[in-house]
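The values are calculated or read from the model by the stated rules, or taken from the named source; none is laboratory data. All figures in this text were calculated on a predicted structure; none of them were measured in a lab. Reconstructed Cβ throughout: ideal geometry from the backbone, glycine too, with neighbour counts over all protein chains shown.
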Amino acid sequence: MLHRSAVTPTSDSTQNFQLSGFIPPATSSGIDTTPPSPQLQDPETLSVEKQAAIMATSKGLPRDTFAKLSPHPFLLANLQPPAPANAARSNGRRPDEARIPNINTSSLTHTNGSAVVRTGDTTVICGVRAETVLASDIPNFRRHNALTTTETDGAAELKDYDLLVPNIELATGCAPQFLPGVPPTTLAQTLSTRIYSLLHSAKLVDADDLRIWYTRPAENAAAEDDEDKMEEDDEKVEGEKVEGEKAVIAYWVLYIDIFFISFDGNPFDVAWAAVLAALRDTTIPIARWDPDREMVICSRDEPKPLTLHGFPVACTAGVFASKETTNQPAAGKFWTLVDPDSLEEGLCDETITAVVDRTEGETKVISISKHGGTTLQPQLIREFVGVAERRWEEIQKAMA
């Protein structure tokens with residue numbers, strides 16, 4: 001015969017409660033008189049700062065989990081730590097500290113120039129391909145010769161004839177939101193437009209490097225009409241070479257392909273650094289026009305590097321406000337986060353980008369663009385230029 005015995009609680013059952021996140025109170029009266037901890041209070045009765053402090057000091061879940069559940073209070077708790085700790089972002093950097101750049105050139109063998117740039121977890125590879133196009137195939141082509149071509153004409157040629165063609169590809173699986181095989185996203189088109197505009201506004205590439213000249217043979221109409229006169233002038237003309245007009249017969253077109261290998265915020269700065277490094281690595285074969293075959297002949301024996309004007313570097317920062325929503329964007333405390341990552345970009349409603357060049361020793365501001373918000377005033381924008389100067393030194397040292 002089988003007898004049923006009473007089941008008594010053991011230490012294993014208590015351990016099961018502990019693993020599930022609940023420990024039964026051990027009181028004589030059976031009623032727990034312990035006051036509720038702040039973690040169990042109603043979240044609406046706690047301020048954002050207290051909630052952030054609770055999450056920052058909690059040891060129940062890892063930091064990454066709290067950052068995903070409530071990113072704004074999490075970042076705010078790191079920027080407003082209890083004394084005497086110093087303010088730091090969730091990634092450990094100071095608000096004005098950028099990620100260290102790592103730059104490698106000549107990474108691709110099938111291009112005229114290439115570079116790989118990595119800052120943190122954002123990695124970009126850029127390749128430059130040079131192809132020729134006949135001047136006769138360019139719509140609305142304006143004929144230029146060696147005597148009338150000026151620097152202004154060169155800048156107009158680059159833009160009017162589309163001799164610089166940047167293209168950004170984000171659909172490489174670099175991030176979960178950028179799946180392969182999808183059409184270009186709005187961000188990819190925006191980045192391509194910004195790269196294209198900066199290439200022309202900075203006047204980085206010399207148009208003369210992309211011109212392919214041809215000296216047309218001189219035509220002596222008098223010799224065809226009057227052979228006798230030609231015979232009389234043979235003695236005077238002998239030993240002299242009559243040259244024809246030197247004109248542009250074709251151009252080099254630079255296709256600048258930018259691929260994101262990994263994505264973790266601040267794509268424009270990294271993409272522009274990759275473009276700058278790839279152009280500095282680009283060499284173009286010597287080209288000449290063959291009138292007999294009516295085509296451009298190239299020689300790879302002595303390729304020539306591009307002549308670049310200046311060394312423009314982009315620096316971007318996001319503005320993080322202490323309050324998530326407010327009717328007065330400029331009110332309250334805020335931080336300017338240089339080189340923001342993906343988490344910080346999603347929490348910043350205002351961004352600023354400054355492009356500076358210190359090649360000649362003095363700071364030359366090429367462009368300043370600001371998007372969203374009204375927090376940054378003119379005085380703060382001028383101070384941000386100093387941050388961009390320090391970033392220029394870091395990028396220049398990495399490419400040296």
Checklist line | Filtered residues of the stretch 344-368 (kept if free of Cβ contacts under 8 Å to residues at least 60 places away in the same chain and either farther than 26 Å from ALA77 by Cα or in contact with a helix residue (DSSP H, G or I) (Cβ under 7 Å, 6 or more places away or on another chain) (or both)) | finding: ILE352, ALA354, VAL356, ARG358, THR359, GLU360, GLY361, GLU362, THR363, LYS364, VAL365, ILE368
Notebook entry, point to check: Taking only pairs six or more apart or across chains, which ones have beta-carbon atoms under 8 Å, a first residue in the stretch 96-112 that is farther than 18 Å from ASP264 by Cα, and a second residue that is part of a loop (DSSP other than H, G, I, E, B) and polar (S, T, N, Q)?
Noted result: ASN112/THR282
Notebook entry, point to check: Hey, any hits in the stretch 227-238 for a residue that's assigned to a helix (DSSP H, G or I), at pLDDT below 95, touching a Lys or Arg at 6+ places or on another chain (Cβ under 7 Å) and of a type outside the set (Phe, Trp, Tyr)?
Noted result: no
Item checked: Residue list for the stretch 366-400, restricted to those being closer than 24 Å to ASP281 by Cα, touching a strand residue (DSSP E or B) at 6+ places or on another chain (Cβ under 8 Å) and not small (Gly, Ala, Ser) -> ILE366, GLU389, ARG391, TRP392, GLU394, ILE395, GLN396, MET399
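Conditions (1) out of contact with any Pro (no Cβ under 9 Å at 6 or more places or on another chain); (2) surrounded by 12 or more Cβ atoms within 10 Å (Cβ to Cβ); (3) of a type in the set (Lys, Arg); (4) at pLDDT below 50, marked per residue:
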| position | (1), (2), (3), (4) |
| --- | --- |
| PHE22 | yes, no, no, yes |
| THR34 | no, no, no, yes |
| ASN86 | yes, no, no, no |
| GLU97 | yes, yes, no, no |
| VAL116 | yes, yes, no, no |
Item checked: Filter result (without any contact (Cβ under 8 Å) to a residue 40 or more places away in the chain and not in a helix (DSSP H, G or I)) within the stretch 183-213 -> PRO183, PRO184, THR185
Item checked: Residue that is modelled with the lowest pLDDT [pool: residues in the stretch 198-223 that are among the small types (Gly, Ala, Ser) and loosely packed, with under 13 Cβ neighbours inside 10 Å] -> ALA221
Check: Can you name every residue in the stretch 266-284 that is in contact with a Phe, Trp or Tyr (Cβ under 9 Å, 6 or more places away or on another chain) and within 19 Å of TRP213 (Cβ to Cβ)?
Finding: ILE284
